[in-house]
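Quick one: the structure is below, and I'll ask about it shortly.
The values are calculated or read from the model by the stated rules, or taken from the named source; none is laboratory data. From a predicted model like this one, the values you see are computed outputs, not experimental measurements. Heads up, the Cβs are rebuilt from the backbone with ideal geometry, glycines too, and the neighbour counts pull from every protein chain shown. Quick note on the areas: whole protein, heavy atoms, side chains included, nothing else; ligands and nucleic acids left out. Shrake-Rupley method; radii C 1.70, N 1.55, O 1.52, S 1.80 Å.
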Amino acid sequence: MKGDNSTMPIMKTTKHTCRTWHLWLGLPCCLILFLYAVSGLVLQHDDAFSGLGVSRGILPDSYRLEHWNNGLMRGTVRVGEDVYAYGAAGVYRTTPEMKDYSPAMDGLPKEADVRDLAAAADGRLFCTTAESAYTLAPGEKVWAAIKMPKKMKPSSLCLKDGDVYLVGRSGLARVQAPYATAEKLDTPLPADAPQGGSMLGLVKDLHHGKLFGTVGIVVVDIIALVFVVLCISGFLYWLLRMLFPRLGASLRPLGGRSLKLNLSTHRFLGRWTLWGLVLVTVTGWFLMKPLRSAISFTLPAGEAPSWLGKAPAVRYDAATHDFLVAGGAGLYSLTAPSAAPVRIADAPKVSGKGVPVMLQLADGSWIIGSSEGLFKWNRSNHSVEALADSPVGGYTVECGGVPVFSRGGAPALSMPPALAEQPLPVKQLAKDLHTGKILLGPASGPYVFVTGLVSLVCLLTGWFIIRRRRG
């Protein structure tokens with residue numbers, strides 16, 4: 001006997017309810033899940049899509065490039081009568097009035113995203129991109145690459161006594177004349193550095209499959225492809241069922257075979273990959289707000305996350321004779337690159353995702369800007385003055401001092417018209433699709449929460465429909 005007949009009406013009613021939920025939540029969710037899966041695959045293998053872009057004309061207005069917004073200009077450096085503007089658009093030479101621009105990117109990677117730039121007393125330039133560091137000797141026109149230590153990707157640099165100091169997620173490095181090779185420095189951890197592993201990092205590695213190496217990445221890729229097939233087969237099955245009564249006698253056999261094929265494919269993949277699909281969905285769900293806070297704690301064992309954060313910045317303070325490093329938890333002081341970093345309690349609030357503006361003025365005070373806003377910081381009297389509360393992507397001291405906001409840019413500054421036509425890199429588009437930023441911008445957290453919940457309901461109701469009763 002396979003089961004109690006008295007439970008059959010209840011089972012039928014429950015299964016009918018599950019079919020209703022699966023259908024009417026799954027249909028509108030098909031496109032969303034499809035975009036999640038495809039964008040996730042692109043992010044898993046973003047190197048294969050480098051150099052590819054999408055026209056901004058088909059994207060929301062927030063993706064338009066104007067007035068140096070969206071990180072196109074992070075700052076400027078003056079060398080004699082020349083001013084070099086740098087940022088996501090690369091490096092451009094201009095005048096102190098910042099009216100006419102000409103590209104100065106020979107030797108840099110195509111479409112280089114220049115994170116930082118500095119000039120030595122003799123006019124030699126140094127810059128960091130997303131992958132490496134480069135130098136441009138006085139009188140030269142072609143940037144020369146600086147050999148990086150293994151796994152070192154610098155995000156910022158500063159100069160002191162003729163040496164160049166670089167910082168990235170993996171630590172600090174130094175470049176000395178003739179500026180050909182960077183040497184990794186052994187910098188102690190700050191006292192407040194995370195101890196043990198990060199639950200957030202563990203969940204992230206599980207979501208990407210990196211926790212299990214190459215095999216894990218391949219498995220996650222397969223799960224993403226299964227999501228794609230489930231979305232397509234589920235939609236086609238619904239569409240064919242709607243159209244089937246209207247098919248002529250000659251098309252009905254083909255329509256029937258297509259119905260069976262899509263249904264059997266949908267059920268087979270759903271049955272045998274369900275828990276992998278659920279795992280990838282749940283881990284992705286927890287990586288965005290508001291659930292992200294639930295896994296933002298330290299584990300007693302495992303590799304600790306870098307205290308430097310995603311895109312640290314480094315500067316030398318000529319007034320107090322120490323290094324300033326913007327790390328994942330705030331601003332730190334280092335009396336020397338080999339000294340233990342000490343967190344500065346009265347420093348302005350900065351973003352752990354990057355601090356594009358760290359500029360010391362002639363009076364020794366600092367202009368600090370990030371997605372947390374723009375601040376003027378006087379270390380001598382411990383004062384912090386808020387200059388703007390909008391996200392800041394850059395700042396130039398030219399033209400009297402002009403902040404460049406992440407969204408609105410700097411309307412007072414002219415921009416080369418050609419920059420407005422730059423396509424959006426496929427990697428960035430995939431990231432914004434995957435996180436929902438393309439639809440809701442900074443408010444993408446609720447989008448991911450709702451779509452993640454709907455995805456889970458679709459998966460679990462589908463499992464209940466096809467599960468085999470045992471008795």
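Subtracting the Cα-Cα distance from 0.36 nm times the residue separation, let me have the gained length for HIS16 to GLU131 in nm, one decimal.
Stretched fully, the HIS16-GLU131 segment lengthens by 36.0 nm.
Can I ask one more? Ignoring everything but the protein chains, give the 1.4 Å probe accessible area of ARG169 in square angstrom, nearest 10.
Taking all protein chains as shown, ARG169 has close to 140 Å².
Which one, THR187, GLY234, MET415, projects farthest toward the positive side of the charge dipole computed for the chain from Cβ point charges (K/R +1, D/E -1)?
GLY234
Would you mind pulling out the separation of the Cα centroids of segment 204-219 and segment 17-65, in Å?
Rounded to whole Å, the Cα centres lie 21 Å apart.
Now, a different point. In square nanometres, what is the average projected area of the Cα convex hull of the chain?
With every direction weighted equally, the projected area is 28.8 nm².
To continue, here is another question. Accessible area, 1.4 Å probe, largest first: how do CYS127, CYS30 sort?
CYS30, CYS127
Taking a probe of 1.4 Å, how large is the accessible area per residue of segment 1-124, in Å²?
56
Let me ask something else about it. Quick one: dipole size for the chain, taken about the Cα centre, charges +1 on Lys/Arg Cβ and -1 on Asp/Glu Cβ, in debye to the nearest 20.
Using Cβ point charges on Lys, Arg, Asp and Glu, the chain gives about 3380 debye.
Moving on. Considering the options SER365, LEU424, TYR101, tell which one lies farthest towards the positive end of the dipole of the chain, charges being +1 on Lys and Arg and -1 on Asp and Glu at the Cβ, about the Cα centre.
Final value for the positive-end residue is LEU424.
Dipole of segment 114-267, Cα-centred, from +1 at each Lys and Arg C-beta and -1 at each Asp and Glu C-beta, to the nearest 20 debye?
1200
Let me ask something additional. Could you grab the relative contact order for segment 342-419? Cα pairs under 8 Å, six or more apart, rounded to a whole percent.
20
Determine the distance separating the Cα centre of segment 103-171 from the Cα centre of segment 332-387; give it in Å without decimals.
With segment 103-171 and segment 332-387 each reduced to a Cα centre, they are spaced 22 Å.
Evaluate the charge dipole of segment 8-71 about its Cα centre and quote only its size in Debye, nearest 20, assuming +1 on the Cβ of each Lys and Arg and -1 on the Cβ of each Asp and Glu.
Here the size comes out at about 560 debye.
Along the Cα→Cβ direction, 7 angstrom out, place labels at ASP47 and VAL457. What is the inter-label distance in nm?
4.1
Counting pairs on different chains as well as pairs 8 or more places apart, how many Lys pairs in segment 54-208 have Cα atoms under 23 Å apart?
14
Just to be sure I follow: if Rg is taken over the C-alpha atoms of segment 1-145 and Rh is the Kirkwood radius over the same atoms, what is Rg/Rh?
For segment 1-145, the value is 1.37.
Given Cα pairs under 8 Å that are at least 6 residues apart, what percent is the relative contact order of the chain?
Value for the chain: 21 percent.
If you don't mind, there's one more thing I want to ask. Quote the relative contact order of segment 41-170 in percent (integer), defining contacts as alpha-carbon pairs under 8 Å separated by 6+ residues.
This gives 14 percent for segment 41-170.
Moving to a separate point now. Among the aspartates and glutamates, which have Cα under 14 Å from the Cα of LYS437 when same-chain residues fewer than 8 positions away are ignored?
In chain and number order, the partners are ASP61.
Can you work out the Karplus-derived ³J(HN,Hα) for every residue in segment 206-213? Use 6.51 cos²θ - 1.76 cosθ + 1.60 with θ = phi - 60°, whole Hz, and x for glycine or proline.
Using θ = phi - 60°, the values come out as 5, 5, 8, x, 5, 4, 10, x Hz.
Quick one: what are the phi-derived ³J(HN,Hα) couplings along segment 381-398, Karplus 6.51/-1.76/1.60 with θ = phi - 60°, whole Hz, x for glycine and proline?
10, 6, 9, 10, 10, 7, 9, 7, 9, 7, x, 10, x, x, 7, 10, 7, 5
How much of the accessible area of the chain, probe 1.4 Å, is carbon plus sulfur, in whole percent?
Of all accessible area on the chain, carbon and sulfur atoms account for 61 percent.
Please give the calculated 222 nm ellipticity per residue for the chain, where each DSSP H segment of at least 4 residues contributes -39500 (n - 2.57) and the sum is spread over every residue; nearest 500 deg cm²/dmol?
That comes out to -11000 deg cm²/dmol.
Label-point separation (nm) for LYS431 and GLU385, each offset 7 Å from Cα along Cα-to-Cβ?
Going by the 7 Å Cα→Cβ label model, 3.4 nm.
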